[in-house]
Amino acid sequence: MTTAHPFFMFQGQCGEALDFYVATLPETRVLSRNDKPDGTVAMARLSIAGLEIMANDSPPVHDFTFTPSISTFLGVDDPDQVDALATALSVDAKVLMPANNYGFSRRFAWVQDRFGVSWQINAA
């Protein structure tokens, strides 16, 4: 084995999701992106705080999507950052656990964004 990366598989929304993550998440950038002639993403690499994530638009249509049981855990320094990121990621989305002190950290939130990707946001 030479590498291991999380992989986000979208159905026609990969480009929009990449743009959203770069605009919303600090220290996030697209490392590479190969678009198909129809505008969908054949393959992309995204870096979020140094974590490289691969992503694409699935060529075949399928009946499954993202599940909250797999999420990306974002550690931040300031509890206010939890609130800001949770607010931004939860627009037109689902809040699984609103920003609060749940006893295991100063501030924590869990949201499933409008693309179905789940994010745990934590200020230790």
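Computed from Cα atoms, the angle from the helix 79-89 axis to the main principal axis of the chain rounds to 40 degrees.
FRET efficiency for residue 43 and residue 96, Cβ-Cβ distance as r, R0 = 30 Å, nearest 0.05?
Numbers: r = 29 Å, r/R0 = 0.96.
My answer for the efficiency is 0.55.
Centre-to-centre, using Cα atoms only, region 1-77 and region 94-115 are separated by 21 Å. Using a simple spin-label model with pseudo-atoms 7 Å out from Cα toward Cβ, residue 36 and residue 16 lie 1.7 nm apart.
Among beta bridges from DSSP that stay inside region 71-123, the antiparallel ones total about 60%.
Going by average Cβ density within 10 Å per residue, which order do the peptides 5-14, 108-117, 26-35, 59-68 take, highest to lowest? Kindly include the intermediate steps, with their values, before the conclusion.
On the way: 5-14: 15.8, 108-117: 20.9, 26-35: 12.6, 59-68: 9.5.
Output ranking for 5-14, 108-117, 26-35, 59-68: 108-117, 5-14, 26-35, 59-68.
Which angle between 0 and 90 degrees, to the nearest 10, do you get for helix 14-24 versus the longest principal axis of the chain when only C-alpha atoms count? So the helix axis and the longest Cα principal axis differ by about 30 degrees.
Once R0 is set to 35 Å, what does the formula 1/(1 + (r/R0)^6) return for the Cβ-Cβ distance between residue 124 and residue 61, expressed as a FRET efficiency to the nearest 0.05?
Numbers: r = 41 Å, r/R0 = 1.16.
The formula returns an efficiency of 0.30 here.
Cβ-Cβ distance of residue 106 and residue 73, R₀ of 22 Å, FRET efficiency by 1/(1 + (r/R0)^6): the value works out to about 0.90.
Neighbours of residue 100 by Cβ distance under 11 Å: Lys/Arg scored +1, Asp/Glu scored -1, total +1.
Throughout, read-outs are computed from the coordinates displayed, never taken from laboratory work. What you are looking at is a predicted structure, and each value in this text was computed from that prediction instead of being measured. Quick reminder, even Gly has a Cβ in these numbers, built from the backbone with ideal geometry, and neighbours come from all protein chains shown.
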